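Derivation of every value follows stated rules applied to the coordinates shown; laboratory data play no part. In this text, all values refer to a predicted model and were calculated from it rather than measured experimentally. Cβ: placed from backbone, ideal geometry, glycine included. Neighbour counts: every protein chain shown.
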Amino acid sequence: MEANFFRFAVQELFDKVQGVRIEKVYMPGRDIYTLDMGKRGNLILACSRKQGFFTLSSTKPPNPSKPPAQAMRLRKHIKNRRILDMISMWPERRIFLRLFAADPVWLELDLVRGLSVVDDPGVSPEDSIAWPDLESFFADKEIWKTHPQLTPPLRQELTRRSPDEAGRLLQDLAAGRPEGFFICEKGPDRLGLSCFRITDSDTCREFDSALEACAAFAEPGLQSLLDAPIEKAREKEEKKKNRKLQKKMQQIQEDHKRLLEMTKLEDQGKIIQNNLYQLDPEQKTAGLRLKDHHGLEHELELDPGRTVRENMQWFFKRARKGKRGLEAVSRRKNELAGPELGSHQADASRQEKESRQAQSSDSRSDLHRKAHVFRSSDGYTILRAKNSRVAGDLLRKYASWFDYWLHSQDGPGAHTILKRRGREESVPERTLEEAAVLAALASFQKNEGRARIMCALVKDVKPVKGAAPGRVKVDRVYKSLVVEPDPDLEAGLKVDKS
């Protein structure tokens, strides 16, 4: 609301509310005040440096269930007090209303700072406002500092008009004669309330009185001010959610990095496993220098409180934990990406996990029905067929092409599979001998002092078409071993069905 418009609007307002009792004060929003004046309506004051306005309305904006402390303080001083007089400081867009009381009480209405109660306004009704002439206006670029009624909209309008028109406008305003009461608009923007026509605007709606213009201006303006705190709270909540989301995503990235490092411990475990046959597994040391299957040398840091074997097992355990953690991190990331998407993916992941567990359970149960399962001293799995009918299944379903197949040489025996963890992996000699002993114990040589066992890659073992179950053809023998059948070894390496 431009200051010169404010001058005429507050005079019209006082003519309507003089002698009226202020029944109550409300604050429906931040910097918005409502003075309930009974049958005369509600004086609504929206405070803002650029877009502040007031209006006299028959409707009351919705109020919060709990009034703010400032509203309670104002009620204490002005509730049920009648308006007796007014002092207008319109160049500063503020007025003082004298209220009926034993001691003088003044209610200050400031279009920028809001409502307050003062004992003395510090000005008198006789204080006059001096106006400069047009020549002084054009001569002094900072004349507005001594004449605040020369507002930015008025100064801009005076420079746009011809000297004669600008002079008449200045004289009319000094004499208290407005050109009219307007709401001017330029494009999508409202330029505000004005008591002179803004020639640079696209449209200027004219009203019969200043209060009518205030009512038309307040209708959309008040709603936007009431919605502003709600919108601000919504934006604040949205920013808070985004900060939480970013914090969670950052934590997920840190967890992913940490768990990825844990999975790399599997490589160290494999290096120890591949070299365990030439180490003392029960030795306790702070480090080892070992070669991997490519022949590259690695410096491994170990826990001196654990044996070499225990360090190897700890590396594998930590790596498995890291892999499980990465799966959990992936699920968390999907859930954060979108509640619905995350929920579907979580359900799918859970179903997939349950399916894998069921399949794994069925597979283990089926395996134990068809084969005896053993675990070597170095941690390798060894499978031995229970009879010749299941030997084919053992080769097709439970063996990889790079696993080792063992069988008694030159006579009947059980098909035995030594599982490897990769085609490049070197199996310790002790494990290979233990697998050969297990094969010998289920062969025609089990009661002999020494047994000859042949070893081949699974890819080189082919079933003979049309022959009896268990008959195979070996294209290439990898190694022949001579071992002593030890019945106690079988019981020591046997894996329980659970």
- Item | For the stretch 452-498 versus the stretch 386-445, the gap between their alpha-carbon centres in whole angstrom | 3
- Item | Cβ-based charge dipole, the chain, positive-most Cα from Ser58, Gly305, Ala166 | Gly305
- Item | Straight-distance crosslink candidates among lysines, where the alpha carbon sits under 25 Å from Lys241 and sequence neighbours closer than 8 are dropped | Lys232, Lys257, Lys333
- Message: On C-alpha positions alone, give me the angle between the axis of helix 163-174 and the longest principal axis of the chain, in degrees, nearest 10.
- Response: 80
- Task: Could you work out the local net charge near Tyr380, counting Lys and Arg as +1, Asp and Glu as -1, over the other residues with Cβ closer than 9 Å to its Cβ?
- Result: +2
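By its C-alpha gyration tensor, with a ≥ b ≥ c as the square roots of the eigenvalues, how is the stretch 368-493 shaped: rounded for a/c under 1.5, else prolate for a/b larger than b/c, else oblate?
Judged from the Cα gyration tensor, the stretch 368-493 comes out rounded (a/c under 1.5).
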- Message: Going by amide H atoms built from the backbone, whose H comes under 5 Å of the H on Val105, apart from near neighbours?
- Response: Leu99
- Message: For a quick check of your reading of the filter: which chymotrypsin sites (Phe, Trp or Tyr not before Pro) in the stretch 396-496 sit in a DSSP loop and have no more than 12 other Cβ atoms within 10 Å?
- Response: Trp401
- Note on the structure: Rounded to the nearest 10 degrees, the helix 210-263 long axis (Cα) sits at an angle to the longest Cα principal axis of the chain of 20
- Relative contact order (%) - criterion: Cα under 8 Å, at least six apart; region: the chain: 8
- the stretch 168-210 to the stretch 71-146: how many Å between their Cα centroids? 23
- Which one of Gly466, Leu441, Gly422 has its Cα pushed farthest toward the positive end of the charge dipole of the stretch 368-493, where Lys and Arg give +1 and Asp and Glu give -1 at the Cβ? Gly466
- Query: In this model, which of Lys264/Lys291; Lys323/Lys397; Lys419/Lys459; Lys446/Lys479; Lys16/Lys186 are farther than 23 Å apart at the alpha-carbon?
  - Reply: Lys323/Lys397; Lys16/Lys186
- Task: Rank by packing, highest mean first: peptides 64-73, 97-106, with packing defined as the count of other Cβ atoms within 10 Å averaged across residues.
- Result: 97-106, 64-73
- Query: Counting Lys and Arg as +1 and Asp and Glu as -1, each charge on the Cβ, what is the dipole of the chain about the Cα centre in debye, to the nearest 20?
  - Reply: 2960
- Query: Over the stretch 368-493, what relative contact order in percent results from Cα pairs under 8 Å that are six or more residues apart?
  - Reply: 26
- With a ≥ b ≥ c taken as the square roots of the eigenvalues of the C-alpha gyration tensor of the stretch 64-106, please select rounded if a/c is under 1.5 and otherwise prolate if a/b is larger than b/c or oblate if it is not? oblate
- Entry for P(r) over Cα pairs in 20 Å bins from 0, in percent (calculated from the structure that is shown) out of (i) 19, 43, 26, 11, 1; (ii) 18, 34, 31, 16, 1; (iii) 16, 27, 12, 11, 19, 13, 1: (iii)
- Mind checking the angle between helix 429-441 and the chain's longest principal axis? C-alpha axes, 0 to 90 degrees, to the nearest 10. 60
- Determine the calculated [θ] at 222 nm for the chain from helices alone, applying -39500 (n - 2.57) to every DSSP H run no shorter than 4 residues and normalising by the residue count; nearest 500 deg cm²/dmol. -14000 deg cm²/dmol
- Can you check what the net charge comes to around Leu290, using other residues whose Cβ is under 10 Å from the Cβ of Leu290 (Lys, Arg +1; Asp, Glu -1)? -1
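With a sphere of radius 10 Å drawn around the Cβ of Gly52, what net charge do the other residues whose Cβ falls strictly inside it have (Lys, Arg +1; Asp, Glu -1)?
Values: positive: Arg49, Lys50, Arg93, Arg113; negative: Asp31, Asp110.
Net local charge, Gly52 excluded: +2.
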- Message: If packing is taken as the average number of other Cβ atoms within 10 Å across a peptide's residues, how do 110-120, 82-92 rank, most packed first?
- Response: 82-92, 110-120
- Task: List the lysines whose Cα lies under 23 Å from the Cα of Lys141, skipping any in the same chain that are fewer than 8 positions away.
- Result: Lys50
- Once the dipole of the chain is set up from charges on Cβ (+1 Lys and Arg, -1 Asp and Glu), the residue from the list Asn80, Ala319, Gly29 lying farthest towards its positive end is Ala319
- Query: If each residue's Cβ is checked for other Cβ atoms within 10 Å, how do Asp292, Asp15 rank with the fewest at the top?
  - Reply: Asp15, Asp292
- Ranked by Cβ crowding within 10 angstrom, fewest neighbours first, how are Ile417, Ile272, Ile252 ordered? Ile252, Ile272, Ile417
